[in-house]
Amino acid sequence: MSVLLAKTLRSATFKLALVSIGLFGAVMVALFGYVYWSATTLVLSQTDSTIEAELASLRNTYDSAGRDGLVRAIEQRVTETRIASGLYQLADASFVPIAGNLKKLPAGTNGTQGWTEFRADALNPTAPGEQSLFRARWETLPGGFHLLVGRAIGDVDRFTNEMYAALAFAIGFIFVLAAVASVSVTRRTVGRIDSINTTSRAIMDSGLGKRIPLRGTQDEWDHLAQNLNSMLERIEGLMGEVKEVSDNVAHDLRTPLTRMRGRLEKASIGQRNPEHDQALIGDTIADLDDVLRIFSSLTRISQIETADRSAAFRAVDLVEIAEAVVELFDAVAEAKDVRLKVAGDRTVAITGDRDLLFDAIANLVDNAIKHGREAGQVTVEVTLNDSCAVIAISDDGPGIPAGEHQHVFRRFYRLERSRCTPGNGLGLSLVAAVASLHKARITLVDNAPGLKVELLLPLVEDSLDGNSTL
Amino acid sequence: MTGAHRRILVIEDDAETAEQIVDFLTTRGYLADLAANGNDGLLLGRSAVYAVMTIDRMLPGMDGIKIIRRLREEGIVTPALIISALGEVDDRVRGLRAGGDDYLIKPFAFSELLARVEALARRSATVVKETVLRVDDLELDLISRTASRGGREIKLLPREFQVLEYLVRNEGHVVPRTMLLEQVWDLHFDPSTNIIDVYVGRVRRKVDGEQTYPLIHTVRGVGFCVRAPR
């Protein structure tokens, strides 16, 4: 529990929550301050104008009716405003009260001119000895009389107090609420991150089989978990492929190496025979060449896959390449009585690597002849449509079962029935690598009968887009 | 051939490989000088008495490509054969751009090394503009692009004629498959199938079929050779 608490307090989310609470609190205090300031200012300015109007009216009375008139007016107002909150007081030159409802002149205000605020007995006390806050203004009349007119501003005072109380309560409440919310949000976040961390550690410890649990909430955490899971899926797939490849490399290299070793060992203990030795050396060199060829095919494929060669792309004509491939394979096709021909458009220009495209098409044609029908038909069709250039190599042989389609591009993958034909199962991997370099798609279609392999290469505009990102 | 045209500079840091190359070239009548590192290679290369030099890509002290570039800058045009264990795809282009004349990837067959060295050595000798090539009773008319043997015309496709022409031009020398692919098809990779053999096989049937002796010979594991019987 304390570990979780410590983790919660340390977490970035919690710190972020604290910062937001602080900011929110500051905004709230500022808002309260503004409301307080504008409300009190309004109330006080209204009070001030009332006081000034009363002063002016009383001064007029004094001017017209003299001291006695003023005393009468004050007494009238005091009785009239008994229930109201008006404060009136007339004093002589030495501040001795003459008339008014202020029982005692406020201490320290004697002689002050202008505005003053003070506490005095309330005008309409609800309890004995109740005090009230007043705002008032002294005016000295001709003849040395001092006139004080004021209003109780206890309402403003009460409003201020209530404001403080509300602010204190709101701040307290918000802090409690925010603390609860941020801790619970942080806990939730820490919990989700913890489950991801636990899974990653489990993967590091025991292998790629584990997956991050989903909560089914479809929130960003679930999306993150889904993405991480599919990444793991892909890594697991690739690892499996790598393992399969290295197993196959081991198998395909060990077999001829074992054969060579055995042959040499047998020869070393046997009798020397020049003719026999010569044959043995020749066979061994041929076997070694096979091994080296597998090796260089593998490095070539991985080089195509890893190095970005698109910078070396040139304008090439697919039809010209297809024709050159067909010409190269002409003799092979003839030997198998296969009719090999190019069909489709007259010229199809794209940007690409001629050597690699040639190699890819050559591999596909080689496959079509090798795995097609004896005395069959192999066609290389190059066409151009709106979005891409299409090279389709089709044969009328037995084809590839639909279930095997996805496997044939894996390194060393060979169909069961073609195990005995020459080849190393790397051709289509190379085609796939070349295709992906050219951002092309490969599809296998049932040619009924036979197989049709289509390479769909995006047109120049697309590849230019690709280049501009370099 | 003059002495210089039998003299080869071998720049190779692996002692055993270097010894094998030198031995092999020596048995074929060449005079081979060995430089075991980049600086020695540069020093020897400057003397410019060589018909051909073979240069390893990765050398202690200096990259093989750098040596070629330095020599070219100094005006030395000795044909250079780059030998490299690096990948074929990009390095080939880089090596040739730096002034290399040909490229060979490790591991290689010695016969292929020899074929390439000989091709480069011949290139530095003068080339006579011929219009007719002859080997024994085989005749190639380079103007009309026709071939005949013993006076009887051989029907060849244009590409087949090119193959035969390249083999005949290198009469008596082994032409590796890869060189044929480069020179006739302009392909710089090994298609790892037997298409070339089948292709040359068809040319051979047309040239040597129904003849008392063959002119086109297959050299196992390497390539082909056109040779008149002795």
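Things to note:
- For segment A:311-468, the alpha-carbon radius of gyration amounts to 1.00 times the rule-of-thumb value 2.2 N^0.38 Å expected for a compact globular protein.
- Efficiency of FRET between A:V19 and A:L42 - r from beta-carbon atoms, R0 35 angstrom, step 0.05: 0.50
- The modelled label-to-label distance for the pair A:R158/A:R314, using points 7 Å beyond Cα in the direction of Cβ, is 9.7 nm.
- Each principal axis of the Cα cloud of chain A was taken in turn, and the coordinate range along them, longest first, works out to 155, 58, 37 Å.
- Remark: spin-label model distance A:L208-A:S302 equals 1.6 nm, labels positioned 7 Å along the Cα→Cβ axis.
- Loop-located GluC sites (Glu not before Pro) in segment A:108-201 (DSSP state other than H, G, I, E, B) with a sparse environment of at most 12 neighbouring Cβ atoms within 10 Å: A:E130.
- Anisotropy class assigned to segment B:3-124 is rounded, per the alpha carbon gyration tensor with a/c under the 1.5 cut-off.
- Prolate/oblate/rounded label for segment A:197-322 (Cα gyration tensor, a/c 1.5): oblate
- Cα-based reach from A:K104 at 18 Å (exclusive), listing lysines while leaving out same-chain residues under 8 positions away: none
- Between A:L133 and A:I153, A:G154, the built amide H atoms are under 5 Å apart, and every one of these is 5 or more places off in sequence or on another chain.
- Each residue of segment B:24-29 was assigned a 3J(HN,Hα) from its phi angle through the Karplus curve 6.51 cos²θ - 1.76 cosθ + 1.60 (θ = phi - 60°); the sequence is 4, 5, 5, 5, 8, x Hz, with glycine and proline shown as x.
- A Förster radius of 35 Å combined with the Cβ-Cβ distance from A:H276 to B:T17 puts the calculated FRET efficiency at roughly 0.80.
- Exposed-site-free run, longest, chain A (rule: trypsin sites (Lys or Arg not before Pro); DSSP loop; at most 13 other C-beta within 10 Å): A:105-214
- The spacing between segment A:189-241 and segment B:66-80, judged by their C-alpha centroids, is 57 Å.
- Straightening the chain between A:K243 and A:I193 buys 14.9 nm, computed as 0.36 nm per residue apart minus the Cα-Cα spacing.
- Rounded FRET efficiency, nearest 0.05, which uses the C-beta distance separating A:T116 from A:A165 and R0 of 30 Å: 0.65
- Shielding of peptide A:324-331 by partners, expressed as the average count of other chain Cβ atoms within 10 Å per residue Cβ, is 6.
Every read-out reported here was derived from the displayed coordinates using simple, explicitly stated rules and does not represent laboratory data. Not measured: the values here are computed from a predicted model. Note that each Cβ is placed from the backbone with ideal geometry, even for glycine, and that neighbours are counted across all protein chains shown.
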